[in-house]
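The values are calculated or read from the model by the stated rules, or taken from the named source; none is laboratory data. None of these values were measured; they are calculated from a predicted model. Every residue, glycine among them, receives a Cβ derived from its backbone with ideal geometry; neighbour counts consider all protein chains shown.
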Amino acid sequence: MHITVIGMGYVGMVTAVGLAMLGHTVHCVDIDAQKIQSLTDGHCPIYEKNIEERLRQLSSNTLLTFGTHYRCTDRIFFLTVGTPPLEDGDADLSQLFFSIAKIIEFAPDHSLIVVKSTVPVGTNKKIVSYLKENNRYDEVVSNPEFLREGHALDDFLNPDRIVIGVHNSYGKDMLTKIYQPFIDKGCYTLITDPNTAELIKHASNAFLASKIAFINELSDFCEKAQADIDDLSLGVGLDKRIGPAFLKVGPGFGGSCFPKDIRSLNRSFNKYGIQSKILESVMAANEYRFENVVNKILKILGGVQNKILCVYGLTFKAHTDDTRGSPALRIIELLVAQNAMINCYDPKANYDLLQNDYNQSINFYNNPEESMCDAHALIIATEWEEFKNINFDRIKISGIMKSNIVIDLRNILDINLMQRKGFQYYCLGKAIQY
């Protein structure tokens, strides 16, 4: 099939590559001409495992093309544009409706519009109304994505479920044909109404965020009760009814999805006259988590005024270059407010995107050991695998740091090994006195 994917962010890029790998001919559209040129040249603007290699291969086979224009011959459009949060927590749908206006302008009537962008419940209905106001009768399908940044292409190619929200059999039949290879492999396909499909996405992310908030609160309790959060997470996660995912202790949840989607879902609750005490509690618990972690750091160091802190990790999690909503950056902001001086290193974060916002308060380093120079503490804020392989023996002997304090906010290092190497090691959810 000939498909146009609109919006070349994380979701759009992975969706386009994934659909092309299924054998579809995919035209990728974005209003950013510089991004389109980069893609045309074979360079992917995002860091995502295996994406750039596949992009080049599929482009050479003409299964992927790129442009700022819409092809008037295509009749299937996947919308993957951003829906960032507004001040009140609602989703900004301006990019979505701008794209639909372009479809109205260039595409034939009775096209298929597949909404993969994360949107509030009722958005599909608004799109249909907008189309009818413009004398259009396109089929609008809600088909949310469930991709994990860092594993997104693998998630697309090996989905654990496909959710399709449709008004009639035409949309269902078309999406079923597009995803037939996954269905043939036994992937569960849920055919439902658009409102339910939209809500499934928000509910999934809100539930996962609540697991993170809960395990983080339990880690504080473990510190007081002389218990071990890592063993607790393992023991709870071994219950088949619960599972181990999203039970890893950390500095709080972040990224471009969880905080935004919880606020948006809570806003939807309010629009329908309902108060969600759970969602409100999860949001409050996560903000408190950042403050609580910073208070632990302040207590360990006896304050941070005019002290140099080396922070390892700026992305919101490992295996991505995405720093949007990063817990590491939120913690850095709180430390800078206490007059700390920050040296930082991240293997994939795009420093250029951060320079404008943090240039006065953060020094960015490409060499991890250089970032430790004269640091009063090393803080591990993101769980990159390479941080497990730091040569702490060399760090200790060189005396590059002003102290031997390591604060591990991801619990990725071995506490006994670090202590044997002569470091004052602090992590989360263990029987350690702060």
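Restricting to strands (runs of 3 or more DSSP E) lying wholly in the stretch 324-434: which have 1 or more residues that are touching a Lys or Arg at 6+ places or on another chain (Cβ under 9 Å)?
On the way: elements: 341-345, 362-365, 377-380, 405-408, 424-426.
By residue number, 341-345, 377-380, 405-408, 424-426.
On the basis of being within 24 Å of Arg263 (Cα to Cα) and either assigned to a strand (DSSP E or B) or at pLDDT 95 or above (or both), does Thr83 make the cut?
Answer is yes for this residue.
Looking at (1) more than 26 Å from Asn292 (Cα to Cα); (2) assigned by the TED database to the domain that holds Glu280; (3) among the aromatic types (Phe, Trp, Tyr), which is the one condition that is false for Phe214?
(1)
Evaluate the following for Asn135: is it out of contact with any Cys (no Cβ under 9 Å at 6 or more places or on another chain), within 30 Å of Tyr272 (Cα to Cα) and modelled with pLDDT under 95?
no
Being of a type in the set (A, V, I, L, M) and under 15 Å from Ala16 (Cα atoms) is the filter here; which residues of the stretch 62-106 pass it?
Of everything in the stretch 62-106, those that are of a type in the set (A, V, I, L, M) and under 15 Å from Ala16 (Cα atoms) turn out to be Leu63, Leu64, Ile76, Leu79, Val81.
Picking from Ile407, Ile415, which residue would you name as being of a type in the set (Val, Ile, Thr) and under 26 Å from the mean Cα position of the chain (by Cα)?
Unique residue meeting the criteria: Ile407.
Would you confirm whether any residue within the stretch 400-413 is in contact (Cβ under 8 Å) with a residue 24 or more places away in the chain, of a type in the set (Lys, Arg) and in contact with a His (Cβ under 6 Å, 6 or more places away or on another chain)?
Yes: one or more hits.
Only residues that are aromatic (Phe, Trp, Tyr) and either modelled with pLDDT under 95 or at negative phi (or both): list them for the stretch 219-271, please.
Taking the stretch 219-271 and keeping what is aromatic (Phe, Trp, Tyr), we get 221, 246, 253, 258, 269.
Within the stretch 219-271, Phe221, Phe253, Phe258, Phe269 meet the criteria.
Please find, among Tyr351, Tyr345, Tyr365, Tyr426, the residue that is assigned by the TED database to the domain that holds Asp220, among the hydroxyl-bearing types (Ser, Thr, Tyr) and under 17 Å from Val249 (Cα atoms).
Of Tyr351, Tyr345, Tyr365, Tyr426, the one residue that is assigned by the TED database to the domain that holds Asp220, among the hydroxyl-bearing types (Ser, Thr, Tyr) and under 17 Å from Val249 (Cα atoms) is Tyr426.
For the stretch 111-130, which positions are out of contact with any strand residue (DSSP E or B) (no Cβ under 7 Å at 6 or more places or on another chain) and farther than 20 Å from Phe269 by Cα?
Matches in the stretch 111-130: Ser129, Tyr130.
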